[in-house]
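Presented below is the structure to which this report refers.
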Amino acid sequence: MPGRLQNRTAFITGASSGLGRAIALRYASEGANICVADLFPAPRTLDPKSATPDPQDVRDTSSQPTHETILSTHGPNRAAFTKCDVTSSASISAAVDFCVQTFGRVDIVVACAGIAVEGTRESRRCHETEEGDWDRTFSINARGVFLTCKYGIGQMLKQEPMEGSRERGWVVNLASMMGLVGFNGLTSYNASKGAVVQMTKVMALDYAADRIHVNCICPGFVKTSMTQNAFGNQEGRGYMDSLHPLGGMAEDPDVIAKAAVFLASDDAEWVTGHPLVVDGGYTAR
């Protein structure tokens, strides 16, 4: 039985690890071809017992890269990796070109690459926040999403709609519930994710006439390498669990990937400009 994303090609940044990897694997299971765009093919380390932050430049070379997992599971020509720095327009442009050269087109763009610098150390209020932390956070979380959309949507506009469809493309940006509500001590991260929410709404309006859907997902806390310091600290984990009424922090990033499938499928035919909250009830309080 064909999947919900059958024969579509998805360009996904940050797809080597965490939420991006989960989305790539779920999309592939729904029939999509996957272009993994990341700095490294190997995933970031994940130690559930650790109470310290994940070093972002250290990769788990013992784990199979996302694109190789897809190829071994779904067969040849279903996935490819391209090195990509989302802060660089030249790098993003080249990565999108690689996707087109490899698969012929871009139907889905997922802007998932992101960092949480402030989440790797003790929380600080605005006057204590390092300007370098602010700049780095925005360069990846906000500028990176902007560039990914700029070149991904630009490619969609060059293409005819998919055969048998009037839709020209689907964009799924990864924001956060912190883009909607405040979380103390994370000034840069909250602001960067709020920017993603607003960019999503503007792009949805700008490209509605072109039949390009632009939505974003606002996840709660999910077990990935980015949050491992919270998972490995019993006191911190208990606090985070208490903030998510529906069973605590999410153990499996696939809960986010399933929502991402909906936003890139025909089921979202009349959905655009929407920040879809997937947070176990965090923002319901």
### Message
Just the residues that are under 16 Å from the mean Cα position of the chain (by Cα) and among the polar types (S, T, N, Q), please, taken from the range 137-182.
### Response
137, 139, 141, 148, 173, 176
### Task
Filter the range 83-111 for residues that are closer than 22 Å to residue 157 by Cβ and assigned to a loop (DSSP other than H, G, I, E, B) and give the result.
84, 86, 88, 104, 105, 106, 107
### Task
For the range 100-146, name all the residues that are of a type in the set (D, E, K, R) and closer than 24 Å to residue 254 by Cβ.
107
### Query
Which condition does residue 154 not pass, out of (1) assigned to a helix (DSSP H, G or I); (2) surrounded by 15 or more Cβ atoms within 10 Å (Cβ to Cβ), if it passes all the others?
(2)
### Summary
Residues of the range 184-218 being surrounded by fewer than 18 Cβ atoms within 10 Å (Cβ to Cβ) and either touching a His at 6+ places or on another chain (Cβ under 6 Å) or at pLDDT below 95 (or both), in sequence order, are 184, 185
### Task
Quick one: count up the residues across the range 131-149 that are closer than 14 Å to residue 37 by Cβ and either surrounded by fewer than 22 Cβ atoms within 10 Å (Cβ to Cβ) or touching a Cys at 6+ places or on another chain (Cβ under 8 Å) (or both).
1
### Message
Condition check: over 30 Å from residue 7 (Cβ atoms), under 15 Å from the mean Cα position of the chain (by Cα) and small (Gly, Ala, Ser). Does residue 185 satisfy that?
### Response
no
#### Entry: Condition met for residue 189 (more than 18 Å from residue 279 (Cα to Cα), part of a helix (DSSP H, G or I) and not β-branched (Val, Ile, Thr))
no
#### Entry: Filtered residue count, the range 137-148, keeping only those that are touching a helix residue (DSSP H, G or I) at 6+ places or on another chain (Cβ under 6 Å), part of a helix (DSSP H, G or I) and not hydroxyl-bearing (Ser, Thr, Tyr)
4
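Every residue, every condition in (1) of a type in the set (Asp, Glu); (2) closer than 26 Å to residue 17 by Cα, yes or no:
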site: 200; (1), (2): no, yes
site: 203; (1), (2): no, no
site: 214; (1), (2): no, yes
site: 220; (1), (2): no, yes
site: 223; (1), (2): no, yes
site: 244; (1), (2): no, yes
site: 252; (1), (2): yes, yes
site: 264; (1), (2): no, yes
site: 270; (1), (2): no, no
### Task
Check every one of the helices (runs of 4 or more DSSP H) wholly within the range 195-285 and list those with 2 or more residues that are touching a residue at least 60 places away in the same chain (Cβ under 8 Å).
228-231, 254-263
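The values are calculated or read from the model by the stated rules, or taken from the named source; none is laboratory data. Computed from a predicted structure; not experimentally measured. Using ideal geometry, Cβ is built from the backbone for each residue, glycine included, and neighbour counts are taken over all protein chains shown.
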